[in-house]
Each structure stands twice: as structure tokens, then as C-alpha cells.
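All remarks here apply to the structure that follows.
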């Protein structure tokens, strides 16, 4: 019976604290900045997912050509593509983790206004963690795009070399 009375008084106290519309509005306003960051991370995740899908499909295509013993210059791209896949996957994972931590920040920010133990230090630690995860995710994205750019340059060099081989010694293209 004593536990029921304690639970009832805690529920009543929590209800009394949350009944203030102004206080709830203030908590919603404080939650807006993390919510906008969540929207930005969502857009970024969409871009990274598309890049990762392209890379994975490219790797599958080249590996199928290898299995069919159709070895060509494309197989030389596999190590770079696999490295890009790793960076893209890491970027997706890090930014997803950041989004989850930001959700925790929003929830804790809201809850902290209505409970007695101060949660400000924990909320700040979560925010710092989220920013570190976003930073690491963006750094991984930078490394992936840097590799992609490097791969494009290598492809262009290879294309130039192949074009020069297609021209006969007398300067006319082969038919």
C-alpha cells in the first residue's frame, strides 16, 4: 500500500510540473535546434546511401565479370572501390549513431525540465558525443569523395592511354 501511495504522489507531482503550457512550449523550442540537425543528417544519410548503393553495385558488376573470366582494366578498380565502400559505410554508421544520440538529447532535454535530478551535464555530454559522431561521419565522407576523385583521374589517364593505342602508327584511327 505504501508503494502505491508513493507512486501516486510521484505521478501527481510529475503531472503538476508538466501542466504548465508555457513550460512545455519552452521545452519544444529548446528541442528545435537538434530537430533541424536531425533533418540535415537525414538528407546527408540519403546522399551517402545512394553513393554506397552505387559503389556496391559497381563492385558486384566487376566481380561478376571476374567470375566469368572476363578480366579487363575494370578489375583494377576493385581495391579503390572496396576502400570507398568502407568509408561510405563508416560514414553512414557514424551519422546514424549521431542521429540516435541527438534523439536522446531531445528526449533528455524535454524530460530534464520535469524531473528533480539535474540532467544538464548528461545532455551536454550527449550533445558533444553527437557532434563528434557527425564530425567523424563527415570526415569519412570526405575521404570517400577524395578516393572517388582520385579514381576518376586514374580512369581518365587510362582512357587517354587506350585512345592513343587505338590510333595507328600513321596517325589514323583503326576501324
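The values are calculated or read from the model by the stated rules, or taken from the named source; none is laboratory data. In this text the structure is predicted, and so the values were computed from the model without any measurement. Glycine gets a Cβ as well: all are built from the backbone with ideal geometry, and neighbour counts include every protein chain shown.
Residue under question is residue 53, and the condition is that it be under 30 Å from residue 148 (Cβ atoms), out of contact with any helix residue (DSSP H, G or I) (no Cβ under 6 Å at 6 or more places or on another chain) and modelled with pLDDT of 95 or more; does it hold? Against the criterion (under 30 Å from residue 148 (Cβ atoms), out of contact with any helix residue (DSSP H, G or I) (no Cβ under 6 Å at 6 or more places or on another chain) and modelled with pLDDT of 95 or more), residue 53 qualifies.
Residues checked against (1) touching a residue at least 12 places away in the same chain (Cβ under 8 Å); (2) surrounded by 15 or more Cβ atoms within 10 Å (Cβ to Cβ); (3) within 20 Å of residue 38 (Cβ to Cβ):
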residue	(1), (2), (3)
68	no, no, no
75	yes, no, no
85	yes, yes, no
89	yes, yes, no
94	yes, yes, yes
98	yes, yes, yes
105	yes, yes, yes
118	no, no, no
122	yes, no, yes
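Of the residues making up region 63-82, those that are at pLDDT 85 or above and farther than 19 Å from residue 144 by Cα are 63, 64, 65. Please specify each residue of region 116-128 satisfying the condition of being touching a helix residue (DSSP H, G or I) at 6+ places or on another chain (Cβ under 8 Å) and more than 14 Å from residue 101 (Cβ to Cβ). Correct list: 118, 119, 120.
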